[in-house]
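Here's the structure we're looking at; comments come further down.
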Amino acid sequence: MAVDPTLLSILACPEDKGPLLLVDDAVLYNPRLRRAYPIENGIPVLLVDEAREVTDAEHEDFTARGVAGWSTD
């Protein structure tokens, strides 16, 4: 189930309040902190305790494939 674009446009990282990247409708990724937040049944789980740190390889992959949820412009 895809994340609603309107919802995605207002979501932010709960830790640093910055924008997140959507990766394959499965993960919201914060490249600054290298934290991945799961999306379960189309619902983002934006709890710091539920986030996981990613490896260098995952970071490269996520930043290459991720779609920005909102712009700072």
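Points to keep in mind about this one:
- Within segment 1-12, residues that are under 12 Å from Ala68 (Cβ atoms) reach partners that are surrounded by 15 or more Cβ atoms within 10 Å (Cβ to Cβ) and of a type in the set (Gly, Ala, Ser) with beta carbons closer than 8 Å, at six or more positions or on different chains, in the pairs Leu8/Gly69; Ser9/Gly69; Leu11/Gly69.
- The set of residues in segment 21-45 that are in contact with a Pro (Cβ under 6 Å, 6 or more places away or on another chain) and farther than 16 Å from Gly66 by Cβ contains only Val45.
- Condition check for Pro14: in contact with a helix residue (DSSP H, G or I) (Cβ under 7 Å, 6 or more places away or on another chain), over 21 Å from Asp61 (Cα atoms) and surrounded by 12 or more Cβ atoms within 10 Å (Cβ to Cβ): yes
- Subset of segment 31-51 that is assigned to a strand (DSSP E or B) and surrounded by fewer than 13 Cβ atoms within 10 Å (Cβ to Cβ) - its residue that is modelled with the highest pLDDT: Glu40
The values are calculated or read from the model by the stated rules, or taken from the named source; none is laboratory data. Predicted model only: the values in this text are computed from it and were never measured. Counting neighbours? That spans all protein chains shown, and the Cβs are built from the backbone with ideal geometry, glycine included.
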